[in-house]
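Before any comments, here is the structure.
The values are calculated or read from the model by the stated rules, or taken from the named source; none is laboratory data. The structure displayed is predicted, hence computed values, not measured ones. Cβ atoms come from the backbone with ideal geometry, glycine included; neighbour counts cover every protein chain shown.
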């Protein structure tokens with residue numbers, strides 16, 4: 001029971017980080033956002049734009065927490081139960097979430113660079 | 001089913017819902033190199049207040065501005081003396097095939113929608129308004145006297161910009177309520193054919 005709870009919370013942390021990272025980036029990738037989300041989804045994503053910095057910061061905190069809980073080494077104590085190790089799928093989600101977060105930051109950087117050169121905002 | 005699979009289902013369902021939630025493609029007129037259909041409509045509507053949305057079909061903020069325009073401006077002003085032109089601009093990677101699905105945003109029967117594939121209005125407005133940034137997102141109001149004489153469209157009597165803050169443009173940030181108020185103001189102003197320039 002405790003193991004399942006631990007895995008679920010780790011997974012939820014990683015998934016939340018992934019979702020917030022994606023929300024932070026998708027608002028500024030116009031053509032792709034519309035292809036992926038449709039018109040209504042793109043309009044909704046545009047509403048996230050002002051909160052991009054907060055979303056990215058929040059997802060970084062969530063990621064840090066999820067990584068800490070997934071990889072921390074619990075010291076063994078006499079009489080205590082063995083530490084519960086997260087499942088492989090949890091760690092995969094975590095690394096995917098980290099990739100999404102980095103992608104969000106890179107897209108943001110590229111969008112600004114391209115926009116300054118008069119190009120297309122991705 | 002494992003937690004992992006349940007979690008994977010959430011974004012997949014959301015994407016599906018967004019895609020299915022989109023309505024049918026609407027109709028629009030592809031403008032020629034002189035934007036003649038729009039020019040004709042604009043001049044035929046002299047004596048009416050004209051609202052022109054200059055928006056990109058691939059820009060979320062433009063689409064949001066158009067939707068807010070429909071909900072907070074057009075839906076609240078039933079005056080038949082208001083005419084609406086939605087001009088979809090080839091900006092931010094927008095192509096003609098992107099226009100069909102975004103025409104569903106503005107549903108007002110007084111509205112006509114156009115695709116500016118030849119960049120007649122796009123170049124004219126970009127030059128006239130010195131628009132920085134890749135997107136359009138400008139909502140304009142033309143008074144009852146406004147007439148389109150030259151090759152490019154005339155300067156608007158009032159405009160707001162959905163991207164003003166984002167791209168540091170010197171125009172008022174789009175506020176649907178304020179914009180609606182301005183439209184009502186123009187609608188109540190008096191005009192006679194003899195006073196037209």
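Restricting to region B:45-72, name every residue that is part of a loop (DSSP other than H, G, I, E, B) and facing chain A (nearest Cβ under 9 Å). The answer is B:56, B:57, B:58, B:59.
Looking at the structure I just gave you, is residue B:8 within 14 Å of another protein chain (Cβ to nearest Cβ), at pLDDT below 95 and touching a helix residue (DSSP H, G or I) at 6+ places or on another chain (Cβ under 7 Å)? Judged against the criteria, residue B:8 is not a match.
Could you tell me which of the residues A:47, A:2, A:17 is away from chain B (no Cβ under 11 Å) and either farther than 29 Å from residue B:60 by Cα or at pLDDT 75 or above (or both)? Exactly one of A:47, A:2, A:17 is away from chain B (no Cβ under 11 Å) and either farther than 29 Å from residue B:60 by Cα or at pLDDT 75 or above (or both), namely A:2.
Between B:60, B:78, B:47, the distinction of being more than 8 Å from the chain's Cα centre (by Cα) and surrounded by 24 or more Cβ atoms within 10 Å (Cβ to Cβ) belongs to B:60 only.
Looking only at region B:113-159, residues that are free of Cβ contacts under 8 Å to residues at least 60 places away in the same chain and under 19 Å from residue B:188 (Cβ atoms) come to 2 in all.
Of the residues examined, residue B:178 is one that is touching a strand residue (DSSP E or B) at 6+ places or on another chain (Cβ under 8 Å), touching a residue at least 12 places away in the same chain (Cβ under 8 Å), closer than 23 Å to residue B:77 by Cβ and away from chain A (no Cβ under 14 Å). Consider residue B:75 carefully, then state whether it is farther than 19 Å from residue B:177 by Cβ and either in contact with a strand residue (DSSP E or B) (Cβ under 8 Å, 6 or more places away or on another chain) or away from chain A (no Cβ under 14 Å) (or both). Against the criterion (farther than 19 Å from residue B:177 by Cβ and either in contact with a strand residue (DSSP E or B) (Cβ under 8 Å, 6 or more places away or on another chain) or away from chain A (no Cβ under 14 Å) (or both)), residue B:75 does not qualify.
The condition of being surrounded by 19 or more Cβ atoms within 10 Å (Cβ to Cβ) and either within 28 Å of residue B:90 (Cβ to Cβ) or at pLDDT below 80 (or both) holds for only one of A:38, A:79, that being A:38.
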